[in-house]
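The values are calculated or read from the model by the stated rules, or taken from the named source; none is laboratory data. This one's a predicted model, so the numbers in the text were calculated from it and none came from an experiment. Virtual Cβ from ideal backbone geometry, glycine too; neighbours counted across all protein chains shown.
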Amino acid sequence: MTARIAVLASGRGSNLRAILQAIDAGSLDAEVVGVFSDKPNAPALRQVPRDRRWSERPASFPHRPAYETALAEAVGASQPDWVVCAGYMRILGDAFIARFRGRLLNIHPSLLPKYRGLQTHARAIEAGDPEHGASVHFVIPELDAGAVIAQAKVPILAGDTPETLAARLLPREHALLVAVLRLAAAGVLAEQGDITLCHGQPLLNALSLDSADRLLP
């Protein structure tokens, strides 16, 4: 059965574009049923038809819980199998996470548990790390702390800046997200407490891009 995916995005939507391209190419059996943003002018919104867009400024609501409720209702109305945070720059509230827990994914530009939060590329360079990467994980109330499903890595080269490192990582980030969504669409991923299950078995380590594809049924 084709998986129904709701995407949360705040910016340009490059990860969303990768998802849509994989769907169009037939390599991901899914449908993007809605794109939801906290920024009405986010370029990501323009990648889907108007009837699949939702955007509201949080500042237009009387308080944060009211915005979170409106967002949750809008996402829920699209009847998603999976909700994907793809460059969504707001921290989700506990009630939203509880509603979609176990089918709520995020892609984060670091090799978690390293560098939760922002400015991950600069922090990896400043730390002298030999490599950097991206992680796809289940979302829990603690920021960037849910069970990691898969990771992609790139080397940090001499002379790298946050910008050059980000540009080198981005294609791997796109491929990683699509690979995880293929597993999700195939129905073989689940969250159990603080671990990821794949085919009903706990993952002892994060999957790589190659191993993710090998686990497809």
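Considering only residues that are part of a helix (DSSP H, G or I), of a type in the set (D, E, K, R) and either in contact with a Cys (Cβ under 6 Å, 6 or more places away or on another chain) or over 19 Å from Leu45 (Cβ atoms) (or both), which ones fall in the range 69-109?
Restricting attention to the range 69-109, the residues satisfying the condition of being part of a helix (DSSP H, G or I) are 69-77, 94-100.
Next, from what is left, pick out any that are of a type in the set (D, E, K, R): 73, 94, 99.
Asp94, Arg99, listed by residue number.
Go through the residues of the range 163-186 one by one and say whether even a single one is assigned to a loop (DSSP other than H, G, I, E, B) and in contact with a strand residue (DSSP E or B) (Cβ under 6 Å, 6 or more places away or on another chain). It would help to see each step written out before you state the result.
Just the residues of the range 163-186 that are assigned to a loop (DSSP other than H, G, I, E, B), to begin with: 186.
From what is left, the residues that are in contact with a strand residue (DSSP E or B) (Cβ under 6 Å, 6 or more places away or on another chain) are none.
For the range 163-186, residues assigned to a loop (DSSP other than H, G, I, E, B) and in contact with a strand residue (DSSP E or B) (Cβ under 6 Å, 6 or more places away or on another chain): absent.
Taking only the range 18-57 into account, find how many residues are closer than 21 Å to Asp213 by Cα and touching a residue at least 40 places away in the same chain (Cβ under 8 Å).
7
Filter the range 191-217 down to residues that are of a type outside the set (Ser, Thr, Tyr) and assigned to a helix (DSSP H, G or I) and give me whichever is modelled with the lowest pLDDT.
It comes out as Asp213.
Kindly check whether there is at least one residue in the range 106-129 that is of a type in the set (S, T, N, Q) and more than 12 Å from Ala166 (Cβ to Cβ).
Among the residues of the range 106-129, at least one is of a type in the set (S, T, N, Q) and more than 12 Å from Ala166 (Cβ to Cβ), which makes the answer yes.
Condition first: closer than 16 Å to Pro155 by Cβ, touching a residue at least 40 places away in the same chain (Cβ under 8 Å) and not in a loop (DSSP other than H, G, I, E, B). Now tell me which residues in the range 110-122 satisfy that.
Matches in the range 110-122: His121 only.
Kindly indicate the residue of the range 73-92 that is over 19 Å from Ala3 (Cα atoms) and aliphatic (A, V, I, L, M) and also surrounded by the fewest Cβ atoms within 10 Å (Cβ to Cβ) among those meeting that condition. Steps first, please.
Of the range 73-92, the ones over 19 Å from Ala3 (Cα atoms) are 73, 87-92.
This time we only want the ones that are aliphatic (A, V, I, L, M), so: 89, 91-92.
Details: Met89: 14, Ile91: 12, Leu92: 22.
Among those that are over 19 Å from Ala3 (Cα atoms) and aliphatic (A, V, I, L, M), it is Ile91.
Only one of Glu56, Glu31, Glu68 is among the acidic types (Asp, Glu) and buried (at least 19 other Cβ atoms within 10 Å of the Cβ); which?
Glu68
State the number of residues belonging to the range 123-162 that are small (Gly, Ala, Ser), farther than 18 Å from Ala86 by Cβ and outside any loop (DSSP other than H, G, I, E, B).
Here the count works out to 1.
What number goes with the only condition from (1) touching a strand residue (DSSP E or B) at 6+ places or on another chain (Cβ under 9 Å); (2) over 23 Å from Gly117 (Cα atoms) that Arg50 does not pass?
Exception for Arg50: condition (1).
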